[in-house]
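The values are calculated or read from the model by the stated rules, or taken from the named source; none is laboratory data. As the structure is a prediction and not an experimental result, all values here were calculated from the model. Using ideal geometry, Cβ is built from the backbone for each residue, glycine included, and neighbour counts are taken over all protein chains shown. Note: areas computed on protein heavy atoms with side chains; ligands, DNA, RNA excluded. Shrake-Rupley method; radii C 1.70, N 1.55, O 1.52, S 1.80 Å.
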Amino acid sequence: MSDILIIDDDPGILNLLTLFLEHNGHASTAVNNLMDGLHEATTGNYDVILLDVNMPDGNGLDFLPQFRAVSSAPEILIMTGSGDQDGAEKAIKSGAWSYVEKTHITRELGLHLSRALQYRTEKGRVEQVPVALKRKHIVGNSPAISHCLDQLAMAASSDVGVLLTGETGTGKEVFARAIHENSWRAPKNFIVVDCASLPENLIESTLFGHAKGAFTGADQAITGLIKLADGGTLFLDEVGELPLQLQKSFLRVLQERRFRPVGSNTEISSDFRLIAATNRNLEERIAEGKFREDLFFRIQAFSIHLPPLRKRREDIKELAAHAMCAICERHDQESKGFGPDFLTTLTTYDWPGNVRELFQAIERAYATAFRSPTLFATHLPEKLRIHQARSALDKKGQPKTPSLPSPDGQKQLLLQEAKDAFEKEYLYQVLAVSQGNISAACQLAGVSRTHFYRLLAKHAIASTESSQD
């Protein structure tokens, strides 16, 4: 008997599925909203969750990672009232077992359920050998990065080619090195090829090597990068930039593991493991005629998509601390602390340059506050502080409305008193956002300097800034 959780807001579906599951010998619990579903999944021990998509308190697909992360690690079967190809794709990519339309649920559920339970049973029988991943430079434990680490472990245990995708600065080379270091090829070379910077006139000789006298200036034979990766790993960074004319040649190398250096009549071999990375959409490049479809299929035997930093904000503090420790160690200095405003500014920024941009910001902050034991927001680049100031404002460009003091029940709260309370709190917030800079505060409030000072005097608020700022 299996324990199954049903999450659906349709009483008819809940009743139908409950009867169906009981008839087939399963125990079931039914809830009609996502929040109750999360509570049940967290506190219970379920084998399978039947999850509806359109719920009154959200989209079931958006909550799928949270359901998968509960301690019982249930299999998730997505139910939907209307077939949606994009929804089906999102469900599978998020780890759902299957995607079933409600119109066919009584006919199809039995088969999907039996397969999911069989898989779960067999998975439980397999002895799980603890693997201590070498992840020195992969920092963070958010669900997003933990999922990538699980994939890294699977990739490292095999020898298939891996395609790493993600925005610039998400750490694709770091992940590639970790795959290599956790594989049986670790004792051999990890060779990096930056496809975006290969000189066009030397690209073939760089990859394949060349014989002495192969071309003007070839005074001696040179071993190519592909041969240097023999026994180890060849990492093609920005593979989407590999020139089209070279893609066919490289495809043959992948298939045969043999190639001929430029100017040589003899073929040589290289037993390497390929890891490729790109921030491009290779399917779009294929449609544009700029990337070979057969090469694409060859390099994406196993794919890992690295999340942008804005999707794993809970890792920012740990990443910042890691970067600061590395910088201080490099300069033989004691590690510096972070002020609350420093961390708030870091976690509210969207980081379009991702982890690389964060590390550069920490480096800049260290240089700015070289002699200070603590880093504050003022040490960060100006664009980060401007973003933080703007994020503290509502859509109209004004500070968020402060909450008014509640009446004590005995004294009437007069309108003028309420206005004064609001105005005073408003001034405090404007000064906080502008970090005490009167010029910036006046600009935020949309008033003149004279008027602003008059308001400060009215509420007995002291300004720490000189009137000559």
It is to be established whether one or more residues within region 251-263 are in a loop (DSSP other than H, G, I, E, B), in contact with a Lys or Arg (Cβ under 9 Å, 6 or more places away or on another chain), closer than 17 Å to GLY161 by Cβ and in contact (Cβ under 8 Å) with a residue 40 or more places away in the chain.
no
Counting just the residues of region 194-211 that are without any contact (Cβ under 8 Å) to a residue 40 or more places away in the chain and farther than 15 Å from GLU241 by Cβ, which one comes out surrounded by the most Cβ atoms within 10 Å (Cβ to Cβ)?
LEU202
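Can you list the helices (runs of 4 or more DSSP H) found entirely within region 1-92 that contain at least 1 residues being modelled with pLDDT under 85 and more than 20 Å from TYR119 (Cα to Cα)?
Working: elements: 11-23, 34-43, 60-68.
Qualifying helices (runs of 4 or more DSSP H): 60-68.
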So GLU318 ticks every box in (1) in a helix (DSSP H, G or I); (2) touching a Gly at 6+ places or on another chain (Cβ under 7 Å); (3) open to solvent by less than 40 Å² (accessible area, probe 1.4 Å) but one. Which box is left unticked?
(3)
Looking for whichever is part of a loop (DSSP other than H, G, I, E, B) and over 11 Å from THR233 (Cβ atoms) here; the options are SER183, SER158. Which one fits?
SER158
Does any residue in region 321-348 that is closer than 17 Å to VAL139 by Cα come within less than 9 Å, Cβ to Cβ, of a residue that is among the aromatic types (Phe, Trp, Tyr) and assigned to a helix (DSSP H, G or I) six or more places away or on a different chain, and which pairs are these?
HIS322/PHE359; ALA323/PHE359; ALA323/TYR366; MET324/TYR366; ALA326/PHE359; ILE327/PHE359; ILE327/TYR366
Sole miss for HIS305 among (1) at pLDDT below 90; (2) within 27 Å of ILE138 (Cα to Cα); (3) open to solvent by 70 Å² or more (accessible area, probe 1.4 Å) is condition (1)
How many residues, within region 212-253, are over 17 Å from PRO199 (Cβ atoms), open to solvent by 10 Å² or more (accessible area, probe 1.4 Å) and within 33 Å of the chain's Cα centre (by Cα)?
5
Kindly list, by first and then second residue, each pair from a residue in region 290-314 that is within 18 Å of ILE275 (Cβ to Cβ) to a residue that is open to solvent by 70 Å² or more (accessible area, probe 1.4 Å) and part of a helix (DSSP H, G or I), limited to pairs with Cβ atoms under 9 Å and residues at least 6 apart or on different chains.
PHE291/LEU244; PHE291/GLU283; PHE291/GLU284; LEU295/LYS248; PHE296/GLU283; ARG298/GLN255; PHE302/MET154; HIS305/LYS93
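Quick one: in region 434-454, of everything that is in a helix (DSSP H, G or I) and not hydrophobic (A, V, I, L, M, F, W, C), which residue is surrounded by the fewest Cβ atoms within 10 Å (Cβ to Cβ)?
Restricting attention to region 434-454, the residues satisfying the condition of being in a helix (DSSP H, G or I) are 438-445, 449-454.
Within this subset, residues satisfying the condition of being not hydrophobic (A, V, I, L, M, F, W, C) are 439, 443, 449-451, 453-454.
Details: SER439: 12, GLN443: 13, ARG449: 13, THR450: 9, HIS451: 12, TYR453: 16, ARG454: 11.
It comes out as THR450.
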Output the qualifying pairs, or none if there are none: Cβ atoms under 8 angstrom, residues six or more apart or on different chains, first residue in region 143-159 and within 21 Å of ILE316 (Cβ to Cβ), second residue assigned to a helix (DSSP H, G or I) and open to solvent by less than 40 Å² (accessible area, probe 1.4 Å).
ILE145/ASP315; CYS148/PHE175; LEU152/PHE175; LEU152/ALA178; LEU152/ILE179
Hey, can you tell me all the residues within region 30-75 that are among the polar types (S, T, N, Q) and either open to solvent by 50 Å² or more (accessible area, probe 1.4 Å) or more than 13 Å from LEU5 (Cβ to Cβ) (or both)?
ASN32, THR42, THR43, ASN45, ASN54, ASN59, GLN66, SER71
So which residues in region 230-247 are over 28 Å from ASP219 (Cα atoms), modelled with pLDDT of 90 or more and assigned to a helix (DSSP H, G or I)?
VAL239, GLY240, GLU241
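Restricting to region 261-296, give me the number of residues that are touching a Ser or Thr at 6+ places or on another chain (Cβ under 7 Å), open to solvent by 20 Å² or more (accessible area, probe 1.4 Å) and of a type in the set (D, E, K, R).
Within region 261-296, the first condition is being touching a Ser or Thr at 6+ places or on another chain (Cβ under 7 Å), and the residues that meet it are 262, 272-273, 275, 278-279.
From the residues that got through so far, the ones that are open to solvent by 20 Å² or more (accessible area, probe 1.4 Å) too are 262, 279.
Checking the rest, the ones that are also of a type in the set (D, E, K, R) come to none.
Count: 0.
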